[in-house]
Amino acid sequence: MTQPFSFSLNATDGKARTGVISTPRGEVRTPAFMPVGTAATVKAMLPENVRATGADILLGNTYHLMLRPTAERIAALGGLHKFMNWERPILTDSGGFQVMSLADLRKLTEKGVTFKSHIDGSKHELTPERSMEIQRLLGSDIVMCFDECPALPADRARIADSMRLSMRWAERSRDAFGDRPGHALFGIQQGGLEQDFRAESAEALKEIGFEGYAVGGLAVGEGQEAMFGCLDYAPDMLPVDKPRYLMGVGKPDDIVGAVKRGIDMMDCVLPSRSGRNGQAFTRRGVVNIKNARHADDPRPLDEACTCPACRQYSRAYLHHVYRSNEIIASMLLTWHNLHYYQELMQDMRDAIAAGDFEGFEKEFHETRAQGDIEPI
C-alpha cells in the first residue's frame, strides 16, 4: 500500500508554523523553500548539490516541460524524478502563470487557453484536464490546479471574473486528478488584493477539498507592503491542518514576513537567477560580486557561511571568475544563495519550535541593516 500524503504541525509561534509534509518519496520540513527546476534542472547546480544545501523538495514547470522535451517523452523515460536524477519530492505548477506571461497570441475561454509556444510558435491548448494529464505523466508528488492569474493592478470586475473562472477550473482539476494515492492536489486561492474575493475563493476551494492550498496571484507587481497586507488575512481563510503555499516568493525578507503570517511553503527563481547575475544573498544583505571593491578581497562572501563558495573561495576569486564569464561563477554563487535560503528556513524552523520567532525576526532585520562587511 502506498504511503499516504499527510501534513502534521509540530509547533506554532503566533501565526508562524513548523511541521512536516510526508510523501512516499520523503519528508518535507516546513517552512520549506523549494528551489525552482524550471526545465528539469536547477540552473548551474547538480541535483546532489541542491540536496546538500538542505532542500527537501524541488519545483518543476509544467509549461516548459510540456513544450520541451514533452511530458510524454519524460513519462516514457521513467518520469521526472528519474529523468532529472532527483528522487525526493517534486511539486509541479500548473502552467497557467507561464501561459499568461510567456506565451504568444493566447486565447482564453471557459474551456482553457490556446497559445503559441515561445520556443517555436507551435500551437497548444492547456485546460484543467490537460494540465492534470501532463503533471500525471511527469509523476510529480504535488500537483497544482490549473488557474488563471491576472497581473496586478487590475479592476475588481476583472479580478472577480478571473477568480471565479479559476474556481470552476479548480473543480475540473479535482475531477481530472482522480484517485492517486501518495500524490496530492493543491487548490489555489485567487482574488487579487480584494479581501472579499479571497474569502469567496477560499470557501469555494474548501468545498471542493484539497490536500493543500496555495495563495496565488501575489508577487505579480503589487509590492511587498500590499502583499503583506493580503497575507495578514488570506492564509487564515485556508484550513489550519493543510499546508499553505505562497507561490513565487521571494526575497529573504519576503519569506520571513510570509512565514510570520502563516505560510508553510515558498518557491522562487531568485537564488539561482541572482547567482548567475553576480548577486549573493548574505546575512548582511545582498553583495554584488561584480563590484571592483571585491577584486583584492581575500575574505569570503559571508564569514559565517559553511557553503563551498564561502569555505573554499575568496571574494577576489568570485569577482574574477564572474568578470571573466566563467561558468564556475554561476555554480558557486548559486550554491551559496541556495545554501543561504535553506539555512534561513532551518533558522526559522528552530525559532518557531523554540517559541522565539519574534527574537529571530528582530535579529534577522538588525543584521541585514548593518550592511555588507566593511571593505578591507
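The table that follows gives values for the structure above.
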{"read-out": "Flag if I255 is in the same structural domain as L205 (by TED's automatic domain parsing), β-branched (V, I, T) and under 20 Å from A369 (Cα atoms)", "value": "yes"}
{"read-out": "Among residues of the range 168-197, those that are assigned to a helix (DSSP H, G or I) and either of a type in the set (S, T, N, Q) or crowded, with 23+ Cβ neighbours inside 10 Å (or both), counted", "value": "4"}
{"read-out": "Residue in the range 102-113 that is part of a helix (DSSP H, G or I), at pLDDT 90 or above and surrounded by fewer than 19 Cβ atoms within 10 Å (Cβ to Cβ) present", "value": "no"}
{"read-out": "Selected residue [farther than 25 Å from N337 by Cα and either hydrophobic (A, V, I, L, M, F, W, C) or within 15 Å of the chain's Cα centre (by Cα) (or both)] from A71, A52", "value": "A71"}
{"read-out": "Single residue of E326, E361 found to be of a type in the set (D, E, K, R) and under 24 Å from T41 (Cβ atoms)", "value": "E326"}
{"read-out": "Enumerated helices (runs of 4 or more DSSP H) restricted to the range 309-376, each holding at least 2 residues that are in contact with a helix residue (DSSP H, G or I) (Cβ under 9 Å, 6 or more places away or on another chain) and within 17 Å of A16 (Cα to Cα)", "value": "327-354, 357-369"}
{"read-out": "Residue that is surrounded by the most Cβ atoms within 10 Å (Cβ to Cβ) [pool: residues in the range 135-165 that are in a helix (DSSP H, G or I) and in contact (Cβ under 8 Å) with a residue 60 or more places away in the chain]", "value": "Q135"}
{"read-out": "Listing of helices (runs of 4 or more DSSP H) fully contained in the range 22-92 that carry 1 or more residues being among the small types (G, A, S) and surrounded by fewer than 19 Cβ atoms within 10 Å (Cβ to Cβ)", "value": "47-52, 71-76"}
{"read-out": "Scope the range 239-292; condition within 25 Å of S94 (Cα to Cα) and assigned to a strand (DSSP E or B); matching residues", "value": "R244, Y245, L246, M265, M266, D267, C268"}
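The values are calculated or read from the model by the stated rules, or taken from the named source; none is laboratory data. Predicted model, so just to flag it, every value in this text is computed and none were measured. Here the Cβ is made from the backbone with ideal geometry for all residues, glycine too, and neighbour counts use every protein chain on show.
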